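Let me begin by presenting the structure, written as structure tokens, before commenting on it.
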Amino acid sequence: MRNRYLYITLLAVLGLTPDTLAQNKIQYSPRLVVSITIDQLRTDYLEAFAPLYSDGGFKRLLQQGLVFYNASYPFAPIDRASAAATLATGVTPYYHSIVGEKWLNRETLRPVYCVGDGATPDELSTSTLADELKVSTEGKSKVMSISPFVDAAVLQAGHAANQVFWIDDESGLWITSQYYSNKEAVWLQNFNDLQSPANDQKATHWEPVIELSGTFNYFQHRENSQKPFKHKFSGSHRYSELKTSGLVNSYITSLALQCITQEAMGFDRVTDFLAVNYYAGTFNHKAMSECQFELQDTYVRLDCELARLVANVQARIGADNVLFVITSTGYSDVESADYEKYRIPTGTFYVNRTANLLNMYFGAIWGQGRYVEACFQNQLFLNHKLLESKRISLTDACQRAQEFMAQLSGVRSVYSGLQLLTNINEQTLKVRNGYNPIRCGDIVIEVSPGWRLYNEDNQDTQLSRASFIQFPIIFYGAATKAERINDRVTVDRIAPTIAKTIRIRAPNACSAEPLF
């Protein structure tokens, strides 16, 4: 009786009643976070193909989710690997060190793959959201990652995941990395026997999933000369081609649902994390003009897979118990463009010839020597040992290189590593954020828009474009209120937002503010 009296007195002091307590239920963290990254998703294509969508996929997410319509990446250049690492860590390559799918090793002057030969996250310098979830739950949370591609699978998972899965280019089977576990998931073999691309007759050919996706042409300004497509997958490259087709996304959804079931993800109060990477790029990385119908069909199939994933997960776990976060990798395969035909300023910048010219220029000043050791993509690597032996400061060499190359046709800007490390302003911020002093060269060349950077030594070529690729960030489920926000936001704010929602610390290098 005395305890009951104290309880009633406390409620009166706080201005509460038993009825109000019953109405205000305790809000638990989501039991499952499903982080969906769609490779090369673009808002213009997303909206253009809307007449072909079902009601349960993109339409549902955009209408019922919290949607940030104008998202971007705070660094350049972007590719799948650097995007996956940024989404996972909440920081740019300047901190997490994944500057791209490949970079040049300064010691060996050979390209290095971002996840190495053993599919490990060793090159990732900071913790990820999934890592922090593991730490905060003392390893109890289940963390799984799925992608057609090994780099995205590993980088979006981080260092402490239970398993990562990707499609092997040679076998067409889902495989995993021994870094995370000495043995594959016991259920994976049975899944591969039944539902992998290697054992599915549907994976041998690709046709439009509905008639309209193979005949409807959004690109009305182009003459519709392309016929409805039919692709057969055969030969040694059949699975690498399949991974860039609209078919691949159905295998991703099936494995994601199997992961949730077999690993009992989201069935207790300890939050679990599932990272899923879909594909929305062009078929076999062709120009969009060569595969318009294939691209439309890819978006239609992706819409169906999102609907299937969301409906099944919510049915199993409950709509209020799962948070879906959807966004893009923020880049797209660059179109080939015949600017010269239309008298638009263009040209080719030969980076290897520039390296040779710079060696000749330095040789005339300081004597013969190989001052530029290598070039990789748009970067030049200077010979530090030679400069030191000749008592030439790196600052002096970089400044002279900048002055020399600024006069060359096709060069928009030239940055030195020292400049990017010490001089931060609005114009250089994106370049600096994409730069890492350990992984990048001493000189970074920015080619003028419309110009092509070309390395004759390895046939590497890039068309420079400065146009903005619009894509959304969508939060859906877990009692998220529907709202459309048009303010410009950056994707490094996604990780701290999820961290806040599931009540853990943000990744250890992340200083960005949550989106809400």
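Looking at the structure I just gave you, is Ala256 over 30 Å from Glu138 (Cβ atoms), in a helix (DSSP H, G or I) and at pLDDT 95 or above?
In short, no.
Which one of these does Val135 not meet: (1) part of a helix (DSSP H, G or I); (2) under 28 Å from Val91 (Cα atoms); (3) open to solvent by less than 40 Å² (accessible area, probe 1.4 Å); (4) of a type in the set (A, V, I, L, M, F, W, C)?
Going through (1) part of a helix (DSSP H, G or I); (2) under 28 Å from Val91 (Cα atoms); (3) open to solvent by less than 40 Å² (accessible area, probe 1.4 Å); (4) of a type in the set (A, V, I, L, M, F, W, C) one by one, Val135 breaks only (3).
Show me the strands (runs of 3 or more DSSP E) entirely contained within region 440-516 in which 2 or more residues are under 30 Å from Gln314 (Cα atoms) and modelled with pLDDT of 95 or more.
Answer list for region 440-516: 471-477, 483-490.
Quick check on my filter: what residues within region 259-292 are within 25 Å of Asn190 (Cα to Cα), open to solvent by 40 Å² or more (accessible area, probe 1.4 Å) and in a helix (DSSP H, G or I)?
Thr261, Gln262
Residues being touching a residue at least 40 places away in the same chain (Cβ under 8 Å), open to solvent by 30 Å² or more (accessible area, probe 1.4 Å) and either touching a Cys at 6+ places or on another chain (Cβ under 9 Å) or acidic (Asp, Glu) (or both): count how many of those fall in region 161-192.
Residues flagged as touching a residue at least 40 places away in the same chain (Cβ under 8 Å), open to solvent by 30 Å² or more (accessible area, probe 1.4 Å) and either touching a Cys at 6+ places or on another chain (Cβ under 9 Å) or acidic (Asp, Glu) (or both) within region 161-192 amount to 3.
Just checking, does region 445-462 include any residue being acidic (Asp, Glu), open to solvent by less than 60 Å² (accessible area, probe 1.4 Å) and under 30 Å from Asp320 (Cα atoms)?
no
Do you know which residues across region 11-49 are of a type in the set (Gly, Ala, Ser) and at pLDDT below 95?
Ala12, Gly15, Ala22, Ser29, Ala48
When you go through Gly441, Gly410 one by one, which is the residue that is under 30 Å from Lys341 (Cα atoms), under 33 Å from the mean Cα position of the chain (by Cα) and small (Gly, Ala, Ser)?
Just one listed residue meets the conditions, Gly410.
On the basis of being in contact with a His (Cβ under 8 Å, 6 or more places away or on another chain) and among the charged types (D, E, K, R), does Asp333 make the cut?
In short, yes.
What number goes with the only condition from (1) surrounded by 15 or more Cβ atoms within 10 Å (Cβ to Cβ); (2) in contact (Cβ under 8 Å) with a residue 60 or more places away in the chain that Asn486 does not pass?
It is condition (1) that Asn486 fails.
For region 229-252, enumerate the residues that are under 16 Å from Phe293 (Cβ atoms) and part of a loop (DSSP other than H, G, I, E, B).
Correct list: Phe229, Lys230, Thr244, Ser245, Gly246, Leu247.
Quick check: anything in region 490-505 open to solvent by 70 Å² or more (accessible area, probe 1.4 Å) and touching a residue at least 24 places away in the same chain (Cβ under 8 Å)?
Yes: region 490-505 contains one or more residues that are open to solvent by 70 Å² or more (accessible area, probe 1.4 Å) and touching a residue at least 24 places away in the same chain (Cβ under 8 Å).
So which of Ser125, Ser145 is under 19 Å from Ala83 (Cβ atoms) and surrounded by fewer than 21 Cβ atoms within 10 Å (Cβ to Cβ)?
It is Ser125.
Quick one: how many residues across region 45-65 are surrounded by fewer than 20 Cβ atoms within 10 Å (Cβ to Cβ) and within 20 Å of Glu483 (Cα to Cα)?
Adding up the residues that qualify gives 8.
Determine if region 206-221 includes at least one residue that is open to solvent by less than 10 Å² (accessible area, probe 1.4 Å) and of a type in the set (A, V, I, L, M).
no
Which strands (runs of 3 or more DSSP E) sit wholly inside region 306-414 and have at least 1 residues that are among the aliphatic types (A, V, I, L, M) and open to solvent by less than 50 Å² (accessible area, probe 1.4 Å)?
Fully inside region 306-414 and qualifying: 322-328, 372-376, 379-382.
Suppose the filter is within 19 Å of Val325 (Cβ to Cβ) and free of Cβ contacts under 8 Å to residues at least 40 places away in the same chain; does Glu513 pass it?
Against the criterion (within 19 Å of Val325 (Cβ to Cβ) and free of Cβ contacts under 8 Å to residues at least 40 places away in the same chain), Glu513 qualifies.
The values are calculated or read from the model by the stated rules, or taken from the named source; none is laboratory data. Bear in mind that the values here come from a model prediction, so they are computed numbers and not experimental data. Methodologically, a virtual Cβ is constructed for each residue, glycine included, from the backbone with ideal geometry; neighbour enumeration extends over all protein chains shown. Side chains are part of the model used for accessible areas, which takes the heavy atoms of the whole protein and leaves out ligands, DNA and RNA. Shrake-Rupley method; radii C 1.70, N 1.55, O 1.52, S 1.80 Å.
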